[in-house]
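The values are calculated or read from the model by the stated rules, or taken from the named source; none is laboratory data. Keep in mind that this is a model prediction, so the values were computed, not measured. FYI the Cβ positions are ideal-geometry reconstructions off the backbone, even for glycines, and counts take in every protein chain you see.
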Amino acid sequence: MPEQEGIATMLQLKAIDNDVKIIAVSGGGMGNAIDYLDNALKLGAKAVFEKPVNLQKLINKVDLLLME
């Protein structure tokens, strides 16, 4: 994210609404994508995907989360 790191954004969203459904996506950027995505899960992300993202898997996960 150009203006704010993804984990910081996630924490801000969770502070506003702890039930927000977050899907984290990372290609690694300046760090390790796996570590970033593990942290996102620990902080409450409902799903994580490493780039390049399988579009059908992402769509399926969005559909499931919208039905919750």
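Any chance region 35-45 includes a residue that's outside any loop (DSSP other than H, G, I, E, B), among the acidic types (Asp, Glu) and surrounded by 15 or more Cβ atoms within 10 Å (Cβ to Cβ)? No, the conditions are met nowhere in region 35-45. Cβ-Cβ contacts under 7 Å between residues 6 or more apart (or on different chains), taken from a first residue in region 29-48 that is touching a residue at least 24 places away in the same chain (Cβ under 8 Å) to a second residue that is part of a helix (DSSP H, G or I) and of a type in the set (Gly, Ala, Ser), are listed as 48/40. When only residues in region 35-52 that are farther than 14 Å from residue 20 by Cα and among the charged types (D, E, K, R) count, which is modelled with the lowest pLDDT? It comes out as 35.
Pull up region 46-68, narrow it to residues that are hydrophobic (A, V, I, L, M, F, W, C) and part of a helix (DSSP H, G or I), then point me to the one that is farthest from the chain's Cα centre (by Cα). Once the filter is applied, the top-ranked residue is 67.
Residue check: residue 55 meets all listed conditions (1) surrounded by 10 or more Cβ atoms within 10 Å (Cβ to Cβ); (2) modelled with pLDDT of 95 or more but one, namely (1).
Could you check region 12-34 and list, in sequence order, the residues that are of a type in the set (S, T, N, Q) and either touching a Ser or Thr at 6+ places or on another chain (Cβ under 7 Å) or surrounded by 10 or more Cβ atoms within 10 Å (Cβ to Cβ) (or both)?
Kept after step one, since they are of a type in the set (S, T, N, Q), are these residues of region 12-34: 12, 18, 26, 32.
Once the filter is applied, which keeps residues that are of a type in the set (S, T, N, Q) and either touching a Ser or Thr at 6+ places or on another chain (Cβ under 7 Å) or surrounded by 10 or more Cβ atoms within 10 Å (Cβ to Cβ) (or both), region 12-34 yields 12, 26, 32.
Would it be correct to say that residue 61 is touching a strand residue (DSSP E or B) at 6+ places or on another chain (Cβ under 7 Å) and more than 18 Å from residue 6 (Cα to Cα)? Answer is yes for this residue. Considering only residues in region 1-34 that are part of a helix (DSSP H, G or I) and in contact with a helix residue (DSSP H, G or I) (Cβ under 7 Å, 6 or more places away or on another chain), the one that is modelled with the highest pLDDT turns out to be 10.
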